[in-house]
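Everything below concerns the one structure shown next.
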Amino acid sequence: MTHEEKRAWIMLVVSVVGYAVYAAVVVNRADGGTLTATPYAGVLLWTVGGGIVASIMAEIVMGVVNPRASRVSDVRDREIGRLGDYVGQAFVAIGAVSAMLMALAEWDWFWIANVIYLCFVLSAAVGSLAKVIVYRRGVPQW
């Protein structure tokens, strides 16, 4: 497994687990009430920050476990990285347009913030999943 594939796995796992933790905490805080009245900003910021720290720590552990692993990226790694980024970026655009429409419709800030966060997570997860699949099956020939 290449260094870049390991990074894709880390991003996939950290983004999905981080969002699952966020969703669980927010739903538990709602305690049967409305979600829009639930305090979410702190949890959102902590899970994003925790995800960043977890990714960094996982990469450090990956380097310590196998210090002699090559970190050189070749053409194939760059092609796979570009393809995964293209796939994931679609969700960033979807999130931006959705948030803009929700703001124009004067939706509650809770929903706007959450659709943006969800689309960032989907961007990271789907982009990383695309990279992992392409590493396993090969670069498609168009």
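Couple of notes before you dig in:
- Residue ID - least open to solvent (accessible area, probe 1.4 Å), chosen from residues in segment 60-82 that are more than 22 Å from A130 (Cα to Cα), in a loop (DSSP other than H, G, I, E, B) and without any contact (Cβ under 8 Å) to a residue 24 or more places away in the chain: N66
- Of all the residues in segment 107-117, those that are without any contact (Cβ under 8 Å) to a residue 12 or more places away in the chain and not in a helix (DSSP H, G or I) number 1.
- For segment 118-142, the set of residues classified as modelled with pLDDT under 95, among the aromatic types (F, W, Y) and either assigned to a helix (DSSP H, G or I) or crowded, with 20+ Cβ neighbours inside 10 Å (or both) consists of Y135 only.
Residues checked against (1) at pLDDT below 95; (2) more than 30 Å from R137 (Cβ to Cβ):
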site: Y22; (1), (2): no, yes
site: L44; (1), (2): no, yes
site: G49; (1), (2): no, yes
site: I52; (1), (2): no, no
site: I56; (1), (2): no, no
site: V65; (1), (2): yes, no
site: R68; (1), (2): yes, no
site: D74; (1), (2): yes, no
site: V97; (1), (2): no, yes
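- Residue ID - least open to solvent (accessible area, probe 1.4 Å), chosen from residues in segment 83-106 that are farther than 25 Å from A8 by Cβ and either in contact (Cβ under 8 Å) with a residue 60 or more places away in the chain or not in a helix (DSSP H, G or I) (or both): A105
- Residue tally, condition exposed (fewer than 13 other Cβ atoms within 10 Å of the Cβ) and assigned to a loop (DSSP other than H, G, I, E, B), over segment 34-59: 2
- Put simply, of A23, A8 the only residue that is within 15 Å of L118 (Cβ to Cβ) and crowded, with 16+ Cβ neighbours inside 10 Å is A23.
- Residue pairs meeting the criteria (Cβ under 8 Å; at least 6 apart or on separate chains; first in contact (Cβ under 8 Å) with a residue 24 or more places away in the chain, in segment 1-26; second of a type in the set (K, R) and surrounded by fewer than 19 Cβ atoms within 10 Å (Cβ to Cβ)): H3/R71
The values are calculated or read from the model by the stated rules, or taken from the named source; none is laboratory data. Just so it is clear, the structure is predicted and the values come from calculations on it, not from any experiment. We place every Cβ from the backbone using ideal geometry, glycine too, and count neighbours over all the protein chains shown. Heavy atoms of the whole protein, side chains included, go into the accessibility calculation; ligands, DNA and RNA do not. Shrake-Rupley method; radii C 1.70, N 1.55, O 1.52, S 1.80 Å.
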